[in-house]
Amino acid sequence: MQNNFYITTPIYYPSGQPHMGHAYSSIIADVLARFKRNANYKVHFLTGTDEHGLKIQNAAKKNGLDPLIYCDKISEIFKDLAKRLSLSNDDFIRTTEKRHHKAVNDLWDRLIKSGDIYLSKYKGWYSVSDEAYYNSDEIIKKGKKNFSTFSGSSVEWVEEESFFFRLSSWEKKLLEFYDKNDKFILPISRRNEVINFVRNGLKDLSVSRTSFTWGIKVPNNNKHVIYVWLDALTNYLSALNFPDTSDILYKKFWPASLHVIGKDILRFHAIYWPAFLLAADIKPPNRVFSHGWILSGDEKMSKSKGNILNPLEIINKYGVDELRYYLMKEVSHGRDGNISLKSLESCINSDLANNYGNLCQRIFSFVKNNCNGKIKKTENLSEADKKLIEQTNVLTRNLIEIMDNQNINNYLKSVINISFLTNKYINDEEPWKLKNNNIKKMNNILHTSLEQIAKISILLNPIIPISSSKVLDSLNINSEDRNFTFLDGKDILPNEIKISELDILFKKLI
Ligand code: MSP
């Protein structure tokens, strides 16, 4: 039986140009999607744009465009970003699509039927930039303006008729749900944060607005538009053709295996979303993984702070694999990470050009120049060959588990260490000195090195798909064999192999 894996990125607000924070969320999800495909899962990977609400209505107005025309334009930019980042998404959803409206209407109807929605009046703080309501104890006054202490965004006072979701009545059931599903929120620090927040008491949530029009209308009440977060979260269902629960996509992929999100949108995904779903009698997702922020200096990188590193400019200058590798290596699991051009360049040099790239280049050119591209291994491996293989086995032992906990950063450290050890083995074994006196031993060293390169390239494939595929192509490894079965001790390469030409993979930056 094939296992299914449904993974999502957040759907992005098309309120401006995409930046590194967006790229970061997307790349994490793509790496995990590719990893699962290589582990022989049937994967469905979704990304898209979140196009309703006041934030988008304001952005469209600022650009002098009708909201839909504005969204048509900017969502194309996000689609293009997905391509430029080498995302392997199976779908791109826009919340202005019909399929999405249908799903949101159905979810709303379910919540009405279950008695979880009632009409009242909202009086309180709202942040347009976060599209979030805040309690009075989460507000700080600076001069004449008020800000959320949680996000730092400015807030405004809102008083309007609104439908409410009975979130308060889900407090106990949510705590039971977290208790039963101890890996629903990762990392653990975020799980604790959410549990504490829920334990402190939940207030009913306003789920409709009447002071603007850009959104999905509440069924049978045109005065109200549905709160953009209730609308947006439903995208994860609409992409599977919900409400048709007999649809093949829905049956195969719901509940979602993993929502990848940033820590700023954790409450929506880890509190509101499972509460909406439980109330509507739909299974909640299996996991929400919350990553940290990309910082520039000590601040969150964001449009409003004007400290943006543009991912497209970085890709044009350094290459997409280079950016993907750097972000995954530099930022620790679930933590914030500072990025800069200087550390990007040093990472490219040390890990990609001098380590993995150099390993591939030196072995491929030696085999091509001295062995006519052909190598045959004999059975008598030396102690050094065996030691390298054993060290590699130790380093790869927990890699599947590490990735199943979304710890890409630790995974990469182990993989790049295998590459380092292989380079060291080659330096110590000096195959070039054996050319005239011990061809068999030389061939074994070269074959062992190529097998190591194959393993490392398969392991790096989810992170640097373009460069690793070039190496795997040059090793003439079929695409269906580029999977993790070697982790059970199976060789990847046959005893006798022929390699093809390999171009320079990574240029060293001076
Ligand atoms: N539209 C909502 C998501 C709805 S999902 C049902 C949204 N969009 S966003 O465009 O503002 O952000 C999308 C993702 O980018 C979020 O996961 C957010 O955490 C991430 N990032 C935005 N800026 C970031 C950084 N500076 N660093 C890392 N990620 C951050 O939220």
Hey, among the residues in the stretch 430-477 that are under 30 Å from Tyr326 (Cβ atoms) and open to solvent by 30 Å² or more (accessible area, probe 1.4 Å), which one's nearest to the chain's Cα centre (by Cα)?
-> Ile466
Considering Ser127, Ser88, Ser148, which residue is open to solvent by less than 30 Å² (accessible area, probe 1.4 Å), within 28 Å of the chain's Cα centre (by Cα) and closer than 30 Å to Ile463 by Cα?
-> Ser88
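Find the residue count for the stretch 466-494, including only residues that are under 17 Å from Leu446 (Cβ atoms) and either in contact with a Cys (Cβ under 7 Å, 6 or more places away or on another chain) or part of a helix (DSSP H, G or I) (or both). Let's see the steps before the verdict.
Here is the first cut: in the stretch 466-494, the residues under 17 Å from Leu446 (Cβ atoms) are 471, 474-477, 491-494.
After this cut, where a residue has to be either in contact with a Cys (Cβ under 7 Å, 6 or more places away or on another chain) or part of a helix (DSSP H, G or I) (or both) as well, the list is 471, 474.
The number of residues fulfilling the criteria is 2.
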If you scan the stretch 61-109, which residues turn out to be among the charged types (D, E, K, R) and either without any contact (Cβ under 8 Å) to a residue 40 or more places away in the chain or more than 30 Å from Lys36 (Cβ to Cβ) (or both)?
-> Lys61, Lys62, Asp66, Asp72, Lys73, Glu76, Lys79, Asp80, Lys83, Lys98, Asp109
Would you say Val288 is in contact with a helix residue (DSSP H, G or I) (Cβ under 7 Å, 6 or more places away or on another chain) and open to solvent by less than 10 Å² (accessible area, probe 1.4 Å)?
-> yes
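When you check Ser346 against the structure, is it polar (S, T, N, Q), in a helix (DSSP H, G or I), within 30 Å of Glu299 (Cα to Cα) and at pLDDT 95 or above, yes or no?
yes
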Which condition does Ser290 not pass, out of (1) within 15 Å of the ligand (Cβ to nearest atom); (2) assigned to a helix (DSSP H, G or I), if it passes all the others?
-> (2)
Residue count for the stretch 256-280, restricted to those that are away from the ligand (no atom under 11 Å from the Cβ), in contact with a Leu (Cβ under 9 Å, 6 or more places away or on another chain) and either among the basic types (Lys, Arg) or without any contact (Cβ under 8 Å) to a residue 60 or more places away in the chain (or both) | 1
Mind listing just one residue for me: the one in the stretch 1-34 that is open to solvent by 10 Å² or more (accessible area, probe 1.4 Å) and of a type in the set (S, T, N, Q) and, of those, farthest from Ser238 (Cα to Cα)?
-> Gln17
Within the stretch 233-255, identify whether any single residue is out of contact with any strand residue (DSSP E or B) (no Cβ under 8 Å at 6 or more places or on another chain), at pLDDT 95 or above, within 13 Å of the ligand (Cβ to nearest atom) and within 22 Å of His22 (Cβ to Cβ), and answer yes or no.
-> yes
Does Gly143 qualify as being surrounded by fewer than 16 Cβ atoms within 10 Å (Cβ to Cβ), among the small types (Gly, Ala, Ser) and modelled with pLDDT under 95?
-> yes
Look at the stretch 42-54 and say how many of its residues are within 13 Å of the ligand (Cβ to nearest atom) and under 17 Å from Leu240 (Cβ atoms).
-> 3
Please indicate, with yes or no, whether at least one residue in the stretch 154-170 is β-branched (Val, Ile, Thr), over 17 Å from Ala275 (Cα atoms) and touching a residue at least 24 places away in the same chain (Cβ under 8 Å).
-> yes
Is it true that some residue in the stretch 26-41 is in a helix (DSSP H, G or I), modelled with pLDDT under 95 and near the ligand (Cβ under 9 Å from one of its atoms)?
-> no
Within the stretch 193-232, considering residues that are farther than 22 Å from Ile112 by Cβ and within 16 Å of the ligand (Cβ to nearest atom), the one most open to solvent (accessible area, probe 1.4 Å) | Glu193
Could you grab me the full set of residues in the stretch 98-124 that are buried (at least 16 other Cβ atoms within 10 Å of the Cβ) and part of a loop (DSSP other than H, G, I, E, B)?
-> Asp116
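The values are calculated or read from the model by the stated rules, or taken from the named source; none is laboratory data. Please read these numbers as outputs of a predicted model, since none were measured by experiment. Neighbour counts run over all protein chains shown; Cβ positions are idealised from the backbone, glycine included. Remember, those area values only see protein heavy atoms, side chains included, never the ligands or the DNA or RNA. Shrake-Rupley method; radii C 1.70, N 1.55, O 1.52, S 1.80 Å.
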